[in-house]
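Visitor: Encoded as structure tokens, here's the structure I'll be asking about.
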Amino acid sequence: MTTTPDRDQVSPDARIALWAERDAAIGAAAEHEQVRHLLAARDAEIADLRQRVAHSTHTIGELQGERERLVRMVDALRRPPAAERLTEAVKGKLRAAVSRHEHP
């Protein structure tokens, strides 16, 4: 344990130097605490942003799956039904056969 000399034994300049040293130590400690709180707030913001990115990534995946399903549905609506495609193919073959038969 350090002892401080009696007030009468310390010169005014030495007292001012001690006060300045204490003030600097108090200021440094306060600044350290402020920076520590700022870093904790930034860490919380980073954690929140990571969580939001993960949620957005999940949502994007769901939307891409839904988009693919809708594209397949639109493509299916654009194509004629299988029976109609088969009928057209058969008609084409019949026309070709008739044409060959008529024009040997």
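Visitor: Taking the conditions exactly as written (among the polar types (S, T, N, Q) and under 35 Å from the mean Cα position of the chain (by Cα)), does residue 87 satisfy them or not?
Guide: no
Visitor: Within the bounds of region 12-22, is there any residue that is modelled with pLDDT under 95 and exposed (fewer than 10 other Cβ atoms within 10 Å of the Cβ)?
Guide: Yes, there is a match, as at least one residue in region 12-22 is modelled with pLDDT under 95 and exposed (fewer than 10 other Cβ atoms within 10 Å of the Cβ).
Visitor: Look at residue 56 and say whether it is modelled with pLDDT of 95 or more and among the polar types (S, T, N, Q).
Guide: Spelling it out, residue 56 is indeed modelled with pLDDT of 95 or more and among the polar types (S, T, N, Q).
Visitor: Another one. Does residue 43 qualify as being loosely packed, with under 10 Cβ neighbours inside 10 Å, over 13 Å from the mean Cα position of the chain (by Cα), of a type outside the set (A, V, I, L, M, F, W, C) and in a helix (DSSP H, G or I)?
Guide: Answer is no for this residue.
The values are calculated or read from the model by the stated rules, or taken from the named source; none is laboratory data. As the structure is a computational prediction, the values presented were derived from the model and not from experiment. Every residue, glycine among them, receives a Cβ derived from its backbone with ideal geometry; neighbour counts consider all protein chains shown.
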